[in-house]
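Participant: Let me begin by handing over the structure; questions about it come next.
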Amino acid sequence: MNIQPGELTLAQLRELHASKTTLTLDPAARPGIRASAALVHKAAQGGDAVYGVNTGFGKLANQRIAQADLETLQLNLLRSHAVGVGEPMSEPVVRLILLMKAASLARGYSGIREIVIDRLFAFYNLGITPVIPCQGSVGASGDLAPLAHLCLPLIGEGEVFFEDQRMPAADALAQAKLEPIKLSAKEGLALINGTQVSTGLAIDALLATERLFEAAVISGAVTLDAARGSDGPFDPRIHAVRGQPGQIACAAAYRALAIGSAIRKSHLEGDDRVQDPYCLRCQPQVMGACLDQMRYAADVLLREANAVTDNPLVFAESATLLSGGNFHAEPVALAADALAVVIAEIGAITERRIAMLVDTVVSRLPAFLTPEPGLNSGFMIVHVTAAALASENKSLAHPASVDSLPTSANQEDHVSMATFAARRLQQMLRNTEYIVAIELLSAAQGIEFLRPLQSSPVLEGILELVRSVSPAMMVDRSLAPDMELVRGLITQGRVGLAGEAQIRELTALRLG
């Protein structure tokens, strides 16, 4: 894949996140890289103090560094900042970070040499994946600690995963026949200054949220049939007069999912329930608002994936080095917090539908979805599990961006906490994936009591997919294995793809 710096698309990021692809840097980027590197080299030879070139960093910016020590300055920077803790980040996330770091530097505003950028691309293409501990960044002054771990292997230090083994970077370089790089002025700072780690974590979560969202729309449609809910709230006229784009798109998807359902046809007349519970009736409003929020987050994160976020920035055309604050990850933090609310809300309304299904008074199905309630507990406790997970999400959804602790002796006195904001989304995603899996199991069980009536063709395909891993439960058994298997269908995107294969309205819910 040819990478044009500043022009990455969400489709490219989705593809590169999913699988390894050979990357090449667009040749048009190279003149700009050379020009900015030449300007930094000139500044390093001059007598003026230039932050990050011949000075210390952070609170030590006033400390002048002798020209003979400039290479050691960059080496020490990587070593001193590689102090992260925790489990290693996943390979798909590190691939995204490598790509975005290389693409950002290749825009030609960082003063870094081609050899360094080419080596980042080489790591990606050869499958040399730096070991990056998941904790240790406050999301300002860049993702300093995790990016230091990302880049230590460039100089032959730190650890990597290579050919399915964790090993010292020096060993991996030797096996790949690569020499360690000697960093020049400003290069260490350019490598560790930036928002690529928090952005990579957030994009990883965004793509998982996209799959989860689609599955939740589908599971909600199955529940609507199982509970014999009304079609009226999905009438396009209702949504047109409000004008919210996500709501309109979601209502169209729910209508399309219901087309051809004999279950729906059977109760269009003579149903004595005037209005359905909100968890059925307000699905377009709730899920539509979530979709709009996801689209906002996708726009922010795609801009950030293409951004130049190190400091100082090098403007070769005017021979200027400017010190600023693009490393501050507040946009990423706010986008990640928006996704946290989305994930929590998907889980919250889904849990309410599960509660409705097991309540015979509301659902008009057998109590706890079992033919012999009392002797069997049926789906009683899987709802408790869903409730526990939805409640956890409420705490995890607290915005990380409102927190800040000063660092670097109060020089860096307001930070974004973007890296944590993005990292905590994985636990929330797991929680909500289980909740949606429980709804799919519950709704499929509810449909069993309405047979021989058939749901719509597309929903029957979904039910067949669920039943391929989980048979109907007419006497009690542990549903824990079934929940794992159905969650797998969600995380693999199989639930969404099964729906997309039949109706274009689901494809319209994707983020691009």
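Values quoted throughout were computed directly from the atomic coordinates according to the rules given, and no laboratory measurement underlies them. Since this is a predicted model, take the numbers as computed values, not measurements. Heads up, the Cβs are rebuilt from the backbone with ideal geometry, glycines too, and the neighbour counts pull from every protein chain shown.
Participant: Taking a cut-off of 27 Å between Cα atoms, list the lysines near LYS177, but don't count ones fewer than 8 places away on the same chain.
Facilitator: In chain and number order, the partners are LYS20, LYS101, LYS186.
Participant: Sticking with this structure for a sec: To the nearest 20 Debye, how big is the dipole of the chain about its Cα centre, given +1 on the beta carbon of each Lys and Arg and -1 on that of each Asp and Glu?
Facilitator: So the magnitude is around 480 debye.
Participant: Order of CYS290, CYS134 from fewest to most other C-beta atoms within 10 Å?
Facilitator: Starting with the residue having the fewest Cβ neighbours, the order is CYS134, CYS290.
Participant: Thinking of region 452-512 as a set of Cα atoms, what percent of all their pairs are more than 14 Å apart?
Facilitator: Counting every Cα pair in region 452-512, those more than 14 Å apart make up 63 percent.
Participant: Take each uninterrupted DSSP H stretch in the chain, measure its Cα extent along the helix axis, and return the ones at 24 Å or beyond whose mean Kyte-Doolittle hydropathy is at least -1.0.
Facilitator: 196-226, 283-305, 330-358, 380-396, 425-448
Participant: In square nanometres and to one decimal, what's the mean projected area of the convex hull around the Cα atoms of region 95-241?
Facilitator: In nm², the orientation-averaged hull projection of region 95-241 is 13.7.
Participant: Per residue, how big is the convex hull of region 1-122 when only Cα atoms are used? Give it in Å³.
Facilitator: Taking only Cα atoms, region 1-122 has a hull volume of 125 Å³ per residue.
Participant: Kindly provide the chymotrypsin sites (Phe, Trp or Tyr not before Pro) of region 72-153 that DSSP labels as loop, not H, G, I, E or B, and whose Cβ sees at most 12 other Cβ atoms within 10 Å.
Facilitator: Taking region 72-153 and a limit of 12 other Cβ atoms within 10 Å, no loop chymotrypsin sites (Phe, Trp or Tyr not before Pro) are found.
Participant: With semi-axes √(5λ) of the Cα gyration tensor in Å as the read-out, I listed (1) 33, 28, 22; (2) 51, 21, 20; (3) 39, 25, 24; which label goes with the value calculated from this structure?
Facilitator: After the calculation, the listed value that fits is (2).
Participant: Where does each of 501-511, 135-145 land if you order them by average Cβ count within 10 Å, highest first?
Facilitator: Top of the packing list down: 135-145, 501-511.
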